[in-house]
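Please read the structure below before turning to the comments.
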Amino acid sequence: MRLVVVGGTDAGIAAALRTREVEPNVAATVVLADAYPNYSICGLPFYLSGEVDDWHRLAHRTEFDGIDLLANHHARSLDTTEHTVEIVDAAGKSRTLTYDRLLMATGAEPVAPAIAGVQHPGVFFLHTMDDSFAIDGYLRETECRKATIIGSGYIGLEMADALTFRGLAVSLIGRSASPLPTVDPRFGSLVEEELRRHGVRVLNATEVTSIDRVRRELVVSGGDLREASDLVIIASGVRPSSALATATGIRVGVAGAISVDRFMRTSARDVFAAGDCAETWHRVLERNVYLPLGTTAHKQGRVAGENMVGGTRTFSGCVGTQVVKVFDLAIARTGLRDDEARRAGFDPITIESTAWDHKAYYPGAHELRIRVTGDRLSGRLLGAQIIGDWRAQVAKRIDVFATGLFHKMGVDELNDLDLSYTPPLGNPWDPVQVAAQAWSAGSRI
């Protein structure tokens with residue numbers, strides 16, 4: 001069996017590895033657009049900050065026995081009738097591969113906002129390994145003292161932290177009313193306080209329209225805004241890289257992502273899709289959404305890989321679990337916010353509570369703020385958000401809520417979970433359960 005994977009993303013490599021686990025004799029070829037298979041794109045801010053001193057350490061793995069990697073190639077066209085894909089190398093030389101099953105794992109690409117001047121030297125996107133090398137080289141070769149980041153989502157926040165750590169003065173510009181619009185504004189305001197506490201200039205509800213090169217400076221403008229800077233990073237989100245699918249006539253859906261079923265099959269026979277180029281099944285909404293996450297890409301790729309060699313595994317879906325570290329804070333969410341739940345037809349109520357991450361009498365205790373969203377009528381858990389010190393196991397506690405969402409638990413059922421306890425690490429009632437009890441009490445008022 002001849003398998004071709006278009007894209008060396010998390011999903012693509014996960015799929016290729018899984019095919020070899022299930023069928024060791026399978027012939028798998030991965031068409032890779034760059035020279036960095038299976039590198040952690042999520043780790044780029046920490047390489048740029050200097051906290052990861054060698055970019056080679058970002059590699060998940062470097063050995064791929066039995067997998068033919070075609071680096072610096074891209075797919076030009078796909079013929080689903082003849083089962084062939086035309087690929088082109090960096091020199092423009094083309095060749096045709098024949099496949100029995102093919103996976104599209106082309107990932108996502110940065111959204112280029114309608115801002116004039118993004119082509120100026122010193123203006124960068126951050127999405128690939130080469131992007132990070134270009135930014136690092138520019139920082140080393142020029143006397144950058146001030147950076148402006150356009151976009152206050154996850155990458156924007158991480159880069160504000162990274163460049164501050166590297167010694168630059170940072171301005172963060174976002175269109176939303178507060179940073180990190182994926183969490184409630186109450187938590188977004190706490191993120192803003194943390195940014196300002198570390199010297200970041202935060203500009204909310206601000207639309208950038210142009211970037212001009214004035215002598216040695218970049219001037220970011222929009223409305224009353226005029227911000228001079230040495231370096232500009234645009235972190236305004238991504239969209240699915242689905243051009244190959246569209247050109248081939250393969251069905252696309254939400255946000256232009258490739259439409260897939262739970263087996264990761266596309267509308268074309270013997271063609272699968274996985275990762276940031278594809279839709280994903282949401283277990284709470286019970287429909288496909290576009291939610292590009294590295295964790296989801298790995299899982300979808302593994303499912304696709306197994307099914308490409310004859311398996312019948314289904315993708316169980318995601319609940320949108322995310323976490324980010326911003327200086328000394330960690331902020332996490334899973335499931336639905338109150339407004340999202342209401343739009344989905346639920347009758348949500350959100351209750352906020354606080355709890356210590358471990359026994360307050362043991363040194364180093366940190367207070368966690370937790371917002372729980374549940375359905376008022378059924379008591380079903382719909383979502384949760386946590387903010388607190390990054391050492392307070394925020395990520396693992398949001399995972400408890402994520403597990404509850406995965407199994408469609410009621411909020412009150414979280415109290416029945418047998419969670420661990422010792423004074424230096426927790427409480428007899430974990431903060432997750434304290435928050436569940438607060439929700440149960442508040443929802444009856």
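Below are the figures for this structure:
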{"item": "So Ala402, is it touching a residue at least 60 places away in the same chain (Cβ under 8 Å), part of a helix (DSSP H, G or I) and of a type outside the set (Val, Ile, Thr)", "result": "yes"}
{"item": "Which numbered condition Leu218 fails, given (1) in a loop (DSSP other than H, G, I, E, B); (2) in contact with a Gly (Cβ under 6 Å, 6 or more places away or on another chain)", "result": "(1)"}
{"item": "Checklist (1) touching a Pro at 6+ places or on another chain (Cβ under 9 Å); (2) over 30 Å from Ala278 (Cβ atoms) applied to Ala235, failing item", "result": "(2)"}
{"item": "Residues satisfying the stated conditions in region 70-119, i.e. hydroxyl-bearing (Ser, Thr, Tyr) and under 30 Å from the mean Cα position of the chain (by Cα)", "result": "Ser77, Thr106"}
{"item": "Long-range neighbours under 7 Å by Cβ, at least six apart or interchain, first residue in a strand (DSSP E or B) within region 386-397, second small (Gly, Ala, Ser)", "result": "Ile386/Ala332; Gly388/Ala330"}
{"item": "Restricting region 128-138 to residues that are more than 12 Å from Met159 (Cβ to Cβ) and among the hydrophobic types (A, V, I, L, M, F, W, C), the residue that is surrounded by the most Cβ atoms within 10 Å (Cβ to Cβ)", "result": "Met129"}
{"item": "Some residue of region 197-210 being assigned by TED's automatic domain parsing to the domain that holds Ala160, among the acidic types (Asp, Glu) and not in a loop (DSSP other than H, G, I, E, B)", "result": "no"}
{"item": "Residues being closer than 21 Å to Gly237 by Cβ and not charged (D, E, K, R) - total across region 264-297", "result": "18"}
{"item": "Number of the condition not met by Val254 [criteria: (1) crowded, with 19+ Cβ neighbours inside 10 Å; (2) of a type outside the set (Asp, Glu); (3) touching a Phe, Trp or Tyr at 6+ places or on another chain (Cβ under 8 Å)]", "result": "(1)"}
{"item": "Of all residues in region 384-405 being touching a Gly at 6+ places or on another chain (Cβ under 8 Å) and either outside the structural domain of Gly364 (by TED's automatic domain parsing) or closer than 18 Å to Gly374 by Cβ (or both), the one that is surrounded by the most Cβ atoms within 10 Å (Cβ to Cβ)", "result": "Ala384"}
{"item": "Filter result (in contact with a Pro (Cβ under 9 Å, 6 or more places away or on another chain) and either at pLDDT below 95 or within 20 Å of Thr84 (Cβ to Cβ) (or both)) within region 252-276", "result": "Ile258"}
{"item": "Where a residue in region 253-281 is without any contact (Cβ under 8 Å) to a residue 40 or more places away in the chain and its partner, wherever it lies, is among the aromatic types (Phe, Trp, Tyr), with Cβ under 7 Å and at least six apart", "result": "Val254/Tyr290; Ala255/Tyr290; Ala257/Tyr290; Glu279/Tyr290; Trp281/Phe315"}
{"item": "Residue in region 34-57 that is closer than 22 Å to Thr80 by Cβ and within 22 Å of the chain's Cα centre (by Cα) present", "result": "no"}
{"item": "Yes/no for Pro348 being crowded, with 19+ Cβ neighbours inside 10 Å, at pLDDT 95 or above and closer than 25 Å to Leu190 by Cα", "result": "yes"}
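The values are calculated or read from the model by the stated rules, or taken from the named source; none is laboratory data. All figures in this text were calculated on a predicted structure; none of them were measured in a lab. Reconstructed Cβ throughout: ideal geometry from the backbone, glycine too, with neighbour counts over all protein chains shown.
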